1. If you check ARG76, ARG60, which single one turns out to be part of a helix (DSSP H, G or I), closer than 26 Å to LYS177 by Cβ, among the charged types (D, E, K, R) and at pLDDT below 95?
2. Scan segment 33-79 for residues that are small (Gly, Ala, Ser) and in contact with a helix residue (DSSP H, G or I) (Cβ under 6 Å, 6 or more places away or on another chain) and jot them down.
3. Restricting the search to segment 131-190, which residues are small (Gly, Ala, Ser) and within 18 Å of LYS77 (Cβ to Cβ)?
4. All but one of (1) assigned to a helix (DSSP H, G or I); (2) crowded, with 19+ Cβ neighbours inside 10 Å hold for LEU137; which doesn't?
5. Using beta carbons and a limit of 9 Å, which pairs, at least six apart or on different chains, have the first residue in segment 32-48 and assigned by TED's automatic domain parsing to the domain that holds LYS68 and the second one of a type in the set (Gly, Ala, Ser) and surrounded by fewer than 15 Cβ atoms within 10 Å (Cβ to Cβ)?
6. Could you grab the pairs with beta carbons closer than 6 Å, sequence gap of 6+ or different chains, first residue in segment 149-177 and under 20 Å from GLN135 (Cβ atoms), second one surrounded by fewer than 13 Cβ atoms within 10 Å (Cβ to Cβ) and modelled with pLDDT under 90?
7. Given the criterion at pLDDT 85 or above, assigned by TED's automatic domain parsing to the domain that holds GLN40, within 23 Å of the chain's Cα centre (by Cα) and of a type in the set (Val, Ile, Thr), identify the matching residue among ILE71, ILE158.
8. When segment 43-71 is examined, which residues are found to be touching a Phe, Trp or Tyr at 6+ places or on another chain (Cβ under 9 Å), within 14 Å of LEU8 (Cα to Cα) and among the β-branched types (Val, Ile, Thr)?
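The values are calculated or read from the model by the stated rules, or taken from the named source; none is laboratory data. As the structure is a prediction and not an experimental result, all values here were calculated from the model. For neighbour counting, all protein chains shown are included, and Cβ atoms are generated from backbone atoms with ideal geometry for every residue, glycine included.
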Amino acid sequence: MLITQLKLNPHQWVELYADYFYAYTITRIGDSERARDLVQDTFMAALERTDKFEGRCSERTWLTAILKNKIIDVYRKRSIQSTTKCVEVFDDDTQFFDPELNNWKKEHWPEPFGIEQGDPLQNKDLKIILQTCMQKLPPLWLAVFSMKHVDDESTTTICSELKISDSNFWVIIHRAKVNLRACLQKTGFN
């Protein structure tokens, strides 16, 4: 079976991919200036490694893989530097959960946002509020949450890339969800 190798066209990268890569990056790191830098860094790194492109995937897929690695590097750096960031953290499970019910306490059940009709993921206001709440998470929590629920990475990959244990992953993802929920409830649409 003959595999047709695809060719790179670096002269078209900015025109074809810059907007997509910027949108991809900004949703993951929330910093427009850093997002632009990462897109540029991706193009530069790809130019330096054109000999590594084997043509087994599309040009865009290859560039996206490079960009993903750069985003993971940002996550790692942020998690190392995060020790001084002050955040409102809700890590006491008993505050929200009733162990006997194995569910939310009645007074903490999620309240309707007022966007239940239609697709909430298409709601621009919800996207803005969710992005704002995500940026309030400690950097490691944001990295874990983004990799799991935005990039749909496996737990094994996340633990390996961020150098955390499996049990640490589950604690972080749980606390991130509790904090996001609290922030969304607090901010809400009411």
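1. Just a single option satisfies the conditions, and that option is ARG76.
2. ALA35, ALA45, ALA46, SER79
3. Of segment 131-190, the ones small (Gly, Ala, Ser) are 143, 146, 154, 160, 165, 167, 176, 182, 188.
Residues satisfying the conditions are ALA143, SER146, SER160.
4. Against the list (1) assigned to a helix (DSSP H, G or I); (2) crowded, with 19+ Cβ neighbours inside 10 Å, LEU137 comes up short only on (1).
5. Close Cβ pairs (under 9 Å, with a partner that is of a type in the set (Gly, Ala, Ser) and surrounded by fewer than 15 Cβ atoms within 10 Å (Cβ to Cβ)) amount to ALA35/ALA23.
6. ARG175/ASP91
7. ILE71
8. Matches in segment 43-71: THR64 only.
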